[in-house]
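Some notes on the structure that comes next.
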């Protein structure tokens, strides 16, 4: 195999690997040291923290609902029931 072909093959492999790595994850940080790890990865340009445009009032509503659920888990509905209720209102 010629040197040019080897370089093109290697380049294509790298492109395929980088495409696979371009994924977005939503994470919940459970340990304090994880924040430091994320900051280190940002410094090394290994990841980018995306700031979604979710308004603060929405976070407040979600946190209230989570607090209610943690106090009384029996209030939770399964997804199918919740979707049926939403569709009835439409």
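Values quoted throughout were computed directly from the atomic coordinates according to the rules given, and no laboratory measurement underlies them. On a predicted model such as this, the values are computed, not experimentally measured, just so you know. Methodologically, a virtual Cβ is constructed for each residue, glycine included, from the backbone with ideal geometry; neighbour enumeration extends over all protein chains shown.
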Only residues in the stretch 33-44 that are touching a residue at least 12 places away in the same chain (Cβ under 8 Å) count as the first member; pair them with residues that are assigned to a helix (DSSP H, G or I), Cβ under 8 angstrom, at least 6 apart or cross-chain, and list the lot.
none
Mind counting the residues in the stretch 39-81 that are under 25 Å from residue 24 (Cβ atoms) and either in contact with a strand residue (DSSP E or B) (Cβ under 6 Å, 6 or more places away or on another chain) or assigned to a helix (DSSP H, G or I) (or both)?
16
